[in-house]
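Before any comments, here is the structure.
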Amino acid sequence: MTTATLHKGRTIGIGGWIGAGILTVVVAATVLAPWITGDPLEQHLEILLQAPSAAHPFGTDDLGRDLLTRTIHGGRTALTISVMSAVLASVLGLSLALAGALFGGWVDAISGRLADVQLAVPSIVLAIVVLSFVGNSFGPIVLVLVLGSWVLTFRVVRGHARAVIEQQYVEAARVAGAGRAAIAWRHLIPSVLPLLAVAFTLNASYALLLESSLGYLGLGVQPPQPDWGQMVAAGQAQIFTAPWIAFFPGLAVVVTSLGLQLLGDGLAERFTGGPVTRRGTK
Amino acid sequence: MASVLSPPLPRTFRLPVSGRYLGGRLLTGLVAVWGAITLVFFALYSTGNPALLLVPPDAPPDEVERLTRVLGFDRPIPEQYVTFLGTVLTGRFPDSIRYGENPLPIALEKVPASLALGATGLLIGTLLGGLIGYWSATARSSWLRRGPLGVAVAFESVPTFFIGILLVLVFAVNLGWFPATNGRGLPGLVLPAVTLALAFIPAIARVFRTALLDVLQAEHIRTARAKGLPHHLLVRRHVVANALGTTLNVVGIQAGVMLGGAVVTESVFGWPGIGQLSINAVQNRDYPLVIVCVLVIAAGFVLINLLVDVLAALVEPRLRS
Amino acid sequence: MTVVATRTETVLDVRDLRIGLADTPIVHGVDIRVPAGKSVGLVGESGSGKTLTALAIAGLLPPAITITGGTVTLAGKQLSAVADRHTTEHRVATIGVVFQNPTPSLNPRMRISKQLHEALPQGTGRREAAARIAELLGLVGITDIPKTLHAFPHELSGGLNQRVVIAMALARDPKLLIADEPTTALDVSVQAQVLDLVDSLRERLGLGVLLVSHDIGIIADRTDEVHVMSEGRIVESGPTADVLRAPRHAYTRQLLSATPSRLARVAPPAKAAEAAQTPQLTLRDLRRSFSVRGREGRTKHVALDGVDLTLHRGQAIGLVGESGSGKTTLARIVVGLERADSGEVRHDGLELSKQTREQRRQWRRDVQYIFQDPYSSLDPRLSVAQTLREPLELNHRGLSRAEVSRRIDALLDEVELPRDFRHRHPSELSGGQRQRVGIARALASEPTLVIADEPVSALDLSVQARILRLLARLRAERDLTYLFISHDLAVVRYLCDDVVVLRDGRIVEQGRTDDVLRNPRDPYTQTLVDAIPGGSL
């Protein structure tokens, strides 16, 4: 893949539309949560551990809290953190990749080295260190997710930006009198933008998976504020008696992540004519 | 590799991988370990007085003061840093709060269990992932090309802990075949190992597929076809062998993600390994133990990467020179 | 070809061969006969179907493309259309194939010895194999046999790898050698050696050779019979000498007239002679080296080793050399895409590093560049008009929109492209059309000096001829000074008054083009001149 030309007539495909649909529903539900559901912390001691029913489609937990309400509210935490992390990670990855490609030399060397450092420190180690010593509030969690995932965008954009910068048309622009800014503005950024959309969805999906894992391990936001990963961990204690407590929040993570990946693949098909390099692929 | 000429070249003992390459990788690894140590140091320092974290919460103030002095937390930062490096090198860490003894042996004791789980999971995952990738690139039946890969890729959207939960729901809760948590021995190993395998089958399948497709396009495959090699030899010697190098490299890059998966898996199943120990240590606020766990994990990670690099160089001569 | 040629056994007889991709026919019925000990050429431009024809005979078509009709008779045995085991065995035993790119044609992670062993007939014993491999390598003229055997392909040069590929092709004592553009990827001097080797093997072993090439010079020198192919059909066949002397088909005539050595030269513009006194570009002791990561760690590769050169106003100088001679580095330094380590570049008497801002801007306009690859030199997302607008906007600030648009039209006229091409994107243009856009882009800045780096080497012969004519015309009309880089002496002879021969970063010979070509003094120039294919044209 050397150039991300717009392939005319290509759409994001059925998968892409399904992904977009899933995301619309999930995002709408979480944004509108205060208006369409009750209080996630409200306890009803008369309906402890009830299996899914018409009144409580996802059932209730050991404090009699409605799990559908809690799952929807859990999405607020999970999505806010993931999306914010993905935005920051994409911006960081994009800036470093573009700077490296445009300036070359030591700028490129340093940004490449930073990516190596990220690979050398596994996210889980970073998470344990930062979240146990610094504390697991919103800021540090976002920091861990950004540090753990910016390389995704970086690698996708960098590979492409380097390929573009080595193209003869960029040299032709230099000969035509274009400076760095003109090259970035006229050639590099327009060619990278579609790819950024793809990288962002993958980044968000990865951030969501990481965020829920942190929540599950007890390193994420602390109870009683509901969060998908943390809810699964809480439900695991009752897995023999009330398996739905762990099941539905986990399902929510899977569905959202699937939506992001489907949309990402669809966008990749639309913009680059094939699935873009994914997690870990060079 | 035996040359067809006899005698081929004066036979001298040669390392399969050049010392220069190995040395370079080892150096990178040491830098990574040093980075992890430094990260821990600064995280510790950023909390204010680290001594407060290293003693039990109910410790009297003079105990805190004693430790502050002994560990040098009242000294300037560079000096503290050197002291900390010394602590790590000599292995004399402050006592674990929970166990009341040096945390290093406690952590090392858990390593074999983690290795057993990791090796089993890696074996299952590599075999299955490789097979799925191979089918998806070469199978004639379009069902075999798309089906298994599609399923594998869908698993990329399932967080590792939830894979574990689902397996527990089906095989422990409903079928009762395997223990749900705290299992020992072979039956206890099955679900965690499968969870770990499922966590990286998609990546391996996808990367191997891409590598195979790349090689199948290469011009030297046409040359090999022109030689009239039997199909199985062509595939084994020229296609699969040439795809291994790229695949291993990507597996190396993925190692960090897999490590995360391993820690999560141990937590889900209460597997008595270093991952579960470290998470418990965090939850118990046993900071001396957390530090040791992190360093042991980081060192293990470096060793895994080194191993992958050596393997990649073995199958890919261009990396060696 | 005297002794063996008396046997007139036919090794390959192709009748009405048809090839198609799904339902689209690509090759529409081709007849080729190759006698033992003879060399038969298949010549045509890209897309003519010549390579597919060769691959079809060898049974190496890509999976999606199939033989849809006709017969292939190989050493007296007709092959079935469906590749069963017997057909494959017969093919493998009878045909040896040599490909275009030698190094990628070898497995990068296998030593040469093992790859050669594989090429021997199935079940050859180890001792027997060793003797046979040594014999084969000797046959293809490889001297350091143990070292070659122990090497990986990336450790050998392209020319050496091509010899290995030929040895592999000969491993099963074939009767037919199919060579698909066997020298296109090699340097000129190496080309001649490889073709000499194929010739001598043909004579010694009585091989039938099917030589596929786009280069009519090579076909003229190396084949007894020729088939000219265009758009999936053979348009003319016959003894090579006859066909080339008296072509009957219009396409053959067109192909021949497009051959660089046959292009009618235009007289240099009259003004050039009088202006030739003013130096426009002066290079003094230009040096540049790169550090390269190789097998022995980092080494220094010297690209330019002290080059002095003067270009006068209106002059056209050809810069000739093989890959690695430093010619591209020189051009890139002159145009400012790279910096020299030391030495000076003076343009209009001003040293590049000491220009003021305004002088620098003027120099940017004055010196323009035409790139080699018409595919990567245009931004795929920009229309032709947008591409041409870039230099107009950057170099002539303050032009009104209408004026920019008018100039784009004028530029398109000048490079003989229809005006409505301004809305097209590069993917909608052919290689020659793209190169015209590239030329128009260079002209947009109103340059006085144009540096062209192999501007026609990626193009088909007939397109190449038209672009060369365009360049000659523009030079006359615009009083341009040319620095023209090429590996092809015939192209240089057509366009340039003077020639400079570069080798390993040094100028080994310079002078009037005709003098140098007729009477080269430096031995290296001599090799280059001798290696020009088409001496028998």
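The values are calculated or read from the model by the stated rules, or taken from the named source; none is laboratory data. Quick caveat: nothing in here was measured; it's all calculated off a predicted structure. Every residue, glycine among them, receives a Cβ derived from its backbone with ideal geometry; neighbour counts consider all protein chains shown. Protein only, heavy atoms only, side chains kept; ligands, DNA and RNA dropped before computing areas. Shrake-Rupley method; radii C 1.70, N 1.55, O 1.52, S 1.80 Å.
Place +1 on the Cβ of every Lys and Arg and -1 on the Cβ of every Asp and Glu in region B:19-89, take the dipole about the Cα centre, and give the residue among B:Trp34, B:Leu54, B:Val64 whose Cα lies farthest towards its positive end. Farthest towards the positive pole: B:Trp34. A simple count of charges around A:Ala246, restricted to other residues whose Cβ falls under 14 Å of its Cβ and scoring Lys, Arg +1 and Asp, Glu -1, yields -2. Placing a label point 7 Å from the Cα of C:Arg473 along the Cα-to-Cβ direction, the residues of region C:419-463 whose backbone N falls under 15 Å from that point are C:419, C:433, C:436-437, C:439-440, C:463. Ranked by the mean number of other Cβ atoms within 10 Å per residue, highest first, peptides C:109-118, B:53-62 order as C:109-118, B:53-62. If you plug the beta carbon distance of B:Gln217 and C:His423 into 1/(1 + (r/R0)^6) with R0 = 51 Å, you get a FRET efficiency near 0.90. Interface burial in region A:162-203 reaches 20 Å² or more for A:Gln167, A:Gln168, A:Tyr169, A:Glu171, A:Ala172, A:Arg174, A:Val175, A:Ala176, A:Gly177, A:Arg186, A:His187, A:Pro190, comparing the full protein assembly with the chain by itself; accessible area from heavy atoms with a 1.4 Å probe.
Checking every one of the trypsin sites (Lys or Arg not before Pro) in region C:334-363 against DSSP loop status and a limit of 16 other Cβ atoms within 10 Å picks out C:Arg339. For the residues of C:373-385, the average number of beta carbons from a partner chain within 10 Å of their own beta carbon is 5.
Remark: the Cα gyration tensor places region B:19-89 in the prolate category, a/c being 1.5 or greater and a/b exceeding b/c.
Taking max minus min of the alpha-carbon positions on each principal axis, region C:14-108 gives extents of 36, 31, 28 Å, largest first. When you filter the trypsin sites (Lys or Arg not before Pro) in region B:52-151 for DSSP loop state and at most 12 other Cβ atoms inside 10 Å of their Cβ, you are left with B:Arg92, B:Arg140. Each Lys or Arg adds one and each Asp or Glu takes one away; over the other residues whose Cβ falls under 9 Å from the Cβ of A:Leu49, this sums to -2.
Enter the accessible area of C:His86 (Å², nearest 10), with the probe set to 1.4 Å and all protein chains included. The accessible area comes out at roughly 120 Å².
With one equal scatterer per alpha carbon and no solvent term, the Debye-computed log10 I(q)/I(0) for region A:19-152 at 0.14 1/Å reads -0.82. How big is the C-B contact in terms of buried accessible area, both chains counted, 1.4 Å probe, rounded to the nearest 100 Å²? The C and B chains share an interface burying roughly 3100 Å². Computed from the Kirkwood radius of its Cα pairs, the Stokes-Einstein diffusion coefficient for chain C at 10 °C and 1.306 mPa s stands at 62 µm²/s. Peptide C:109-116 has a mean shielding of 6, counted as Cβ atoms of other protein chains within 10 Å of each residue's Cβ. Accessible area buried by the pairing of A and B, both sides summed with a 1.4 Å probe, works out to roughly 3800 Å². Short-range pairs are left out: with C-alpha atoms under 8 Å and at least six residues apart, the relative contact order of chain C is 15 percent. Global dimensions of chain B from alpha-carbon coordinates: Rg and Dmax equal 24.4, 83 Å. For B:Leu27 and B:Val170, the difference between the fully extended length at 0.36 nm per residue and the C-alpha to C-alpha distance is 46.9 nm. The Cα center of region B:128-149 and the Cα center of region C:187-208 differ in position by 45 Å. Checking the a/c ratio against 1.5 first, then a/b against b/c, what shape does the Cα gyration tensor give for the protein assembly as shown? Taking the square roots of the gyration eigenvalues as a ≥ b ≥ c, the protein assembly as shown is prolate. Computed in the context of the full set of protein chains, the accessible area of region B:195-297 at 1.4 Å probe radius has 57% of its extent on carbon or sulfur. As a rough guide to protection, the peptides A:239-246, C:327-334, C:127-134 ranked by mean Cβ packing within 10 Å, highest first, stand as C:327-334, A:239-246, C:127-134. Distant-in-sequence amide contacts of C:Gly511, defined by a placed amide H-H separation under 5 Å and a gap of 5 or more residues or a different chain, comprise C:Val499. The string of couplings for region A:57-62 from the Karplus curve (6.51, -1.76, 1.60, θ = phi - 60°) is x, 9, x, 10, 9, 6 Hz, one whole number per residue in order, with x for Gly and Pro. From the alpha carbon centroid of region C:144-186 to that of region C:463-517 is 33 Å. Listed peptides B:294-306, A:132-144 appear in the order B:294-306, A:132-144 once ranked by packing, highest mean of other Cβ atoms within 10 Å at the front. Between C:Leu205 and C:Asp144, the FRET efficiency estimated from the beta carbon spacing at R0 = 25 angstrom works out to 0.60. In the elastic network of chain B, a GNM with C-alpha springs shorter than 10 Å, the most mobile of B:Ser267, B:Ser46, B:Ser114 is B:Ser46. Heavy atoms only, probe 1.4 Å: what % of the accessible area of region B:19-89 goes to carbon and sulfur, would you let me know? Accessible surface attributable to carbon and sulfur in region B:19-89 totals 68 percent.
For chain B, adding -39500 (n - 2.57) for each run of n ≥ 4 DSSP H residues and dividing by the number of residues yields -23000 deg cm²/dmol at 222 nm. Per residue, the protein assembly as shown exposes 43 Å² of accessible surface when a 1.4 Å probe is rolled over the protein heavy atoms with every protein chain present. Between A:His44 and B:Arg285, the C-beta separation translates, for a Förster distance of 30 Å, into a calculated FRET efficiency of about 0.35. A DSSP coil position with no more than 10 other Cβ atoms inside 10 Å describes the following trypsin sites (Lys or Arg not before Pro) in region C:374-418: C:Arg397. Counting Cβ atoms of other protein chains within 10 Å of each Cβ in C:39-48 and taking the mean gives 0. Among B:Leu189, B:Leu229, B:Leu248, the residue with the largest mean-square fluctuation in a Gaussian network model of chain B, with springs joining Cα atoms closer than 10 Å, is B:Leu229.
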